[in-house]
Structure formats: structure tokens, C-alpha cells
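For reference, the structure is listed below as C-alpha cells.
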Amino acid sequence: MREPDYHRILMALKREGEPDKVPFYEHLVDKEIIEAVLGKPIPTIPGALSGTYFEPPMKHKEMHVLAVIEFFRKLGYDYVPFEIPLKLSRTNIMQTKDLARYSRGLRSWQSESKGTITTIEEFENYPWPEEPEEAADLSYIELLDKHLPKNMGLIAGACGGVFENVSWLMSLTHLLKAAYFDKALVEKMFEKIGSLISKVDELIVKSSEKLIALRVGDDLGYNHGTFLPPAMLRKYVFPWYKKIADLAHSRGLPFILHSCGNLRKIMDDLINIGIDAKHSFEDKIEPIWEAKERYGDKIALLGGVDVNKLATLPINDLRKYVRYILDRCAPGGGYALGSGNSITNYIPVENYFAMLEEGEKYTF
């Protein structure tokens, strides 16, 4: 694959024309995929759905970071994506046997009905970090800066977004009920989480010399709309996005939003807030090529290879589908090739490689 060059992905994020090759973009790649590609196990670090934060030995952190860098460099990415784990424990994690091709043993997900914080009393008694330095492990930033090759950048942010972290702690069911019947709790939760994430992102920006873009991953919606009404998002969530976007722009960094769901009713809000690029697309909601036509003169569009098709299409059909996306989205720049969401552990590695190979072959 091509040699990394972080200027290539920056050209896409800043919509500065066509680079020498179509850049690749992923929000995240499952650990099991990285292990399958590299042919070796790598240490586990805390993830969004681990529920309980744990402190890995520094040696394990370094081994994990080195493997992630090796993976993205080997596959032709110009940067490494990384979410800094937040030390927010939760008691509402569910698990079952993982039946994916590259199984992790147990698959975890967030309970939508059981919350860790559902009352003001639980909010007050929760062990909130007193300072942002206590909430995030910035040693990962130090390790990434230390080991990243000079021609690769870092795209990072706090793990999870403002809405996600609130809904994870409260559960989606309790949050939606409280939005109407316990507004005081909802206001406290969004103020606490928004303030915490924005301060952690500020620490990330200050700590890293290799940072080339700041990102937020915050799944706001489902197939037909947003979980919270747009008016509530404008009140509780978007002011924090604006703060983080302003932070990024004050340092000359693009701001990327990864968000699943049908966001048609709030896209103008997000663009006005100052997002420079949008990631996460699903064909049945809005294909990436339609988003490029609709928003491509305002923001960069990233990814768009539908995860279901990436996981299930025969290789030849997948290649044709990826070439169609490239033909519709790559001309003029402002686009990077990748999945519509993430490289999950049920996507065949050979399909993942086929997508990248089509990007490698593409010429403007």
C-alpha cells in the first residue's frame, strides 16, 4: 500500500482539492480485526462498553499503541484514530456470547432500560472525577506522540460524545422519560458530561504534537430521526459541540463528527456549529453519494461503504459497489474512503482488503 502522508487526509478534511490518492478513513477498527491482520494478539485496553474502567500496565498500553500504529501504517492510512478512555464506571452493561467471525468471546452492549444514574440522588452520589486529568488517561497520547512516524498524524478525542455518555449512564429509556418528567436531572447530566468532555478534549489538544484533527463520536439517531427532538439537542448538546469545534479551530485543527442515524433535520445546525467533516452513513438512511451532493460544498464526507454490504457482499459485487462510491464521491476532493461506520469483528478481512484495494487503484 501507499506510504502514509498526513497532508493527504488533511486535504480531504479541509476540502482543498484532489490529493495524489484517495485517503482512507475509519472511526475505529475492532481489536479482533487488528489481531487478524497482524497475526498476533494485542493487549486489551478499556473501551466504551467495558463498564468498569481498569488501568492496564504501561507495558500493555505501549504494546497496544504500537500494534495500532503498525496496523494503520501497513494498510495505508495517513493517521491513527484513537479514543481516549474516560473513567466513568457503569453498572448497566449486558453481555452474551459473541458469534462474530473474529469472536471476542463475549459481546457487550449498553442496556437501553437499566440506568446507572436515574435520579438526582444517584447523580449526587456518583463518583464523578473532580478534575479532567482524573477522567482521562492521557498516557495514551504520550505513547502515540512518541511512536507515530513523522509522516503520520493523530485524530483523537474523548471516548464517546456528549449525548452518548449521558444515555449510557442513564440508559436511553430513562433519558427519554427524564427529558420530559425530570428536566433538572437531564440538565445536570448534560452540563456535567459536556463540561467534562470539552475539558478532556482541551487537554488532548494541549498534550499532543501529532494531533491533526479533533473528533467526537456521538450517535444521535436511528433510521428515521434523532433520539431526542432537535430542539432538545440544540439546548443540551450542540452548545458543547460548538465549544469543541471552536477549540479545534483555535488551534487550526479540523473538527470531525461521527454520528449514526438520520440527521437530516439537524444537519444545518451541525454545519453552522462548525463541523468540518461528517462520518457514519448507511445506505438505507442516506447513501454517501447523496450526502456528497447535498453537503459536499460545505463539509467533507467520510467513509460511506455500508457496513452490511461490506460484511455480506461477494467480493466482486463489493468491488463494483466501492468503485461506484469512489466515482460519485472522490472527484473534487473532500472525501476519504472507508466503512459507513467502523470495521467490526464480523466483517471478513478479505472484504476489508478489497475495499482498500479499490481505493488504492483509484485515479482522479
* Structure fact -> Within region 74-99, the residues that are open to solvent by 50 Å² or more (accessible area, probe 1.4 Å) and among the basic types (Lys, Arg) are Lys74, Lys87, Lys97
* **Scope region 271-298; condition under 18 Å from the mean Cα position of the chain (by Cα) and part of a loop (DSSP other than H, G, I, E, B); matching residues** => Gly274, Ile275, Asp276, Ser280, Phe281, Glu282
* **Where a residue in region 170-181 is at pLDDT 95 or above and its partner, wherever it lies, is buried (at least 21 other Cβ atoms within 10 Å of the Cβ) and among the hydroxyl-bearing types (Ser, Thr, Tyr), with Cβ under 7 Å and at least six apart** => Leu175/Ser167
* Extreme residue, surrounded by the fewest Cβ atoms within 10 Å (Cβ to Cβ), among residues of region 38-55 that are touching a strand residue (DSSP E or B) at 6+ places or on another chain (Cβ under 9 Å) and either at pLDDT 95 or above or of a type in the set (Ser, Thr, Tyr) (or both) -> Thr52
* Is it the case that Ser139 is under 20 Å from Tyr222 (Cα atoms), among the hydroxyl-bearing types (Ser, Thr, Tyr), open to solvent by less than 20 Å² (accessible area, probe 1.4 Å) and within 21 Å of the chain's Cα centre (by Cα)? -> no
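Looking only at residues in region 271-292 that are acidic (Asp, Glu) and in contact (Cβ under 8 Å) with a residue 12 or more places away in the chain, which one is surrounded by the most Cβ atoms within 10 Å (Cβ to Cβ)? Lay out the reasoning, then the answer.
From region 271-292, those acidic (Asp, Glu) are 276, 282-283, 286, 290; that's our starting set.
Narrowing the set further to residues that are in contact (Cβ under 8 Å) with a residue 12 or more places away in the chain leaves 276, 282-283, 286.
On the way: Asp276: 22, Glu282: 19, Asp283: 18, Glu286: 18.
Per the criteria, the residue is Asp276.
Considering every residue within region 205-220, establish whether at least one is closer than 23 Å to Met267 by Cβ, modelled with pLDDT of 95 or more, part of a helix (DSSP H, G or I) and open to solvent by less than 20 Å² (accessible area, probe 1.4 Å).
No - not one qualifying residue is present in region 205-220.
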* **Residue that is surrounded by the most Cβ atoms within 10 Å (Cβ to Cβ) [pool: residues in region 325-364 that are among the charged types (D, E, K, R) and within 21 Å of Lys278 (Cα to Cα)]** => Arg328
* Only one of (1) within 30 Å of Lys97 (Cα to Cα); (2) in contact with a Leu (Cβ under 8 Å, 6 or more places away or on another chain) is not met by Ala311, so which one is it? -> (2)
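Is there a residue being under 30 Å from Arg2 (Cα atoms), under 18 Å from the mean Cα position of the chain (by Cα) and either among the aromatic types (Phe, Trp, Tyr) or assigned to a loop (DSSP other than H, G, I, E, B) (or both) anywhere in region 82-99?
Filtering region 82-99 for residues under 30 Å from Arg2 (Cα atoms) gives 82-84.
This time we only want the ones that are under 18 Å from the mean Cα position of the chain (by Cα), so: 82-84.
Next, from what is left, pick out any that are either among the aromatic types (Phe, Trp, Tyr) or assigned to a loop (DSSP other than H, G, I, E, B) (or both): 82.
The answer is yes; a qualifying residue exists.
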* Candidate set from region 127-167 (those that are in contact (Cβ under 8 Å) with a residue 40 or more places away in the chain and among the acidic types (Asp, Glu)); member that is nearest to Lys199 (Cα to Cα) -> Glu133
* Asked: Since Met58 meets every condition but one in (1) open to solvent by 20 Å² or more (accessible area, probe 1.4 Å); (2) hydrophobic (A, V, I, L, M, F, W, C); (3) in contact with a helix residue (DSSP H, G or I) (Cβ under 6 Å, 6 or more places away or on another chain), which condition does it not meet?
  -> (3)
* To do: Quick one: count up the residues across region 100-126 that are surrounded by 15 or more Cβ atoms within 10 Å (Cβ to Cβ) and either in contact with a strand residue (DSSP E or B) (Cβ under 7 Å, 6 or more places away or on another chain) or not in a loop (DSSP other than H, G, I, E, B) (or both).
  => 5
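Mind checking which residues of region 282-333 are hydrophobic (A, V, I, L, M, F, W, C) and closer than 15 Å to Ala12 by Cβ? Break it down into steps so the answer makes sense when it comes.
Looking only at region 282-333, we keep the residues that are hydrophobic (A, V, I, L, M, F, W, C), and these are 285, 288-289, 291, 299-302, 305, 307, 310-311, 313, 315, 318, 322, 325-326, 329-330.
The answer is Ile288, Ala291, Ile299, Ala300, Leu301, Leu302, Ile325, Leu326, Cys329, Ala330.
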* Asked: Within region 182-204, how many residues turn out to be over 27 Å from Val29 (Cα atoms) and either without any contact (Cβ under 8 Å) to a residue 24 or more places away in the chain or not β-branched (Val, Ile, Thr) (or both)?
  -> 11
* Structure fact -> Among (1) open to solvent by 50 Å² or more (accessible area, probe 1.4 Å); (2) assigned to a helix (DSSP H, G or I); (3) of a type outside the set (S, T, N, Q), Phe71 falls short only on (1)
* Structure fact -> Counting only residues in region 225-270 that are in a loop (DSSP other than H, G, I, E, B) and of a type in the set (A, V, I, L, M, F, W, C), the one surrounded by the fewest Cβ atoms within 10 Å (Cβ to Cβ) is identified as Phe227
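The values are calculated or read from the model by the stated rules, or taken from the named source; none is laboratory data. Remember, it's a predicted structure, so these values are computed and weren't measured experimentally. Here Cβ is always computed from backbone atoms with ideal geometry, including for glycine, and neighbour counts include all displayed protein chains. Surface accessibility is based on the protein's heavy atoms, side chains included, excluding ligands, DNA and RNA. Shrake-Rupley method; radii C 1.70, N 1.55, O 1.52, S 1.80 Å.
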